[in-house]
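Remarks on the structure that follows.
Every number here is computed from the coordinates shown, using simple stated rules; none is lab data. Small disclaimer: the values here were computed from a predicted structure and weren't measured. Don't worry about glycine lacking a Cβ; one is built from the backbone with ideal geometry, like all the others, and counts go over all protein chains shown.
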Amino acid sequence: MKRLIQTIPILGPALTRLARAARRTSRAFPGSEAYWERRYQSGGDSGAGSYSRLAEFKAEILNELVRERSFRTVIEFGSGDGHQLTLASYPSYIGFDVSENAISRCRSRFAGDGAKAFRLVKDYAGERADLTLSLDVVYHLVEDAVFHDYMARLFDAADRCVVVYASNTDQNPDPRPAHVRHRKFTSWVEANRPAWRLARHIPNRYPDTGDPRTGSFADFFIFEKT
């Protein structure tokens, strides 16, 4: 008992420091949806993966897939600022995003283009498409419930094909950015949407080398119904 009493004064400051660190973390990362809304409001963009040679690589793969498979309708969950879409050739497209600012940017950028529409995720009303897309999104879904809901919507909205461009590992470096959480999402598909099979895995042409402007840890994963 005496030893425990002597320890309490030592634990007090340590617990206080832990509490302060937790509050700082909470303020720094308010949650996935709020993070992206704040990012776009402050003038930020969708990230390096939507620009330069990484964007061109993604567009090459996707445009070829749409053309080869004669997909007529495409839905993207996580349309972001729309820069990636400027390189796309889709007959009909609906982009959903959690950020009102991002949706506003896309509507302005593609004003007058009747083949494209943009809506908030909260307004999703069961729309379906030949192909659904998730590009550089999965590893930003930090919360488990958000991840599960997103994946369910992504696969349930697809009639023929689902394309995910993301990392596929449960290994997360420490420390890591608060808005990044890598997941082995193919395990989720196997457990929760067994009617879908991984038909093709396309490694990134520009693998990660530590500079997100020139390389990425994301690969293409193309799913089809069995």
Pairs of lysines 8 or more apart, or on different chains, with alpha carbons under 24 Å: count those in region 31-225, would you?
4
Relative contact order for the chain, counting Cα pairs under 8 Å that sit 6 or more residues apart, in percent:
17
From the list [x] 1.82; [y] 0.96; [z] 1.18, can you say which value of Cα Rg over 2.2 N^0.38 Å was derived from the structure given?
[z]
Between SER46 and residues 5 or more places away or on another chain, the pairs with built amide H atoms under 5 Å apart involve ASP81
Would you mind ranking VAL146, VAL66 so that the residue whose beta carbon has the fewest other beta carbons within 10 Å leads the list?
VAL146, VAL66
If I take every Cα pair under 8 Å that is 6 or more residues apart in region 128-226, average their sequence separation and divide by the length, what percent do I get for the relative contact order?
30
Could you pull out the chymotrypsin sites (Phe, Trp or Tyr not before Pro) across region 116-156 that fall in loop regions by DSSP (anything but H, G, I, E, B) with no more than 12 other Cβ atoms inside 10 Å?
none
Counting other beta carbons within 10 Å of each residue's own, what order do SER99, SER70 fall into, fewest first?
SER70, SER99
Kindly put ARG67, ARG107, ARG38 in sequence by how many other C-beta atoms sit within 10 Å of each C-beta, fewest to most.
ARG67, ARG38, ARG107
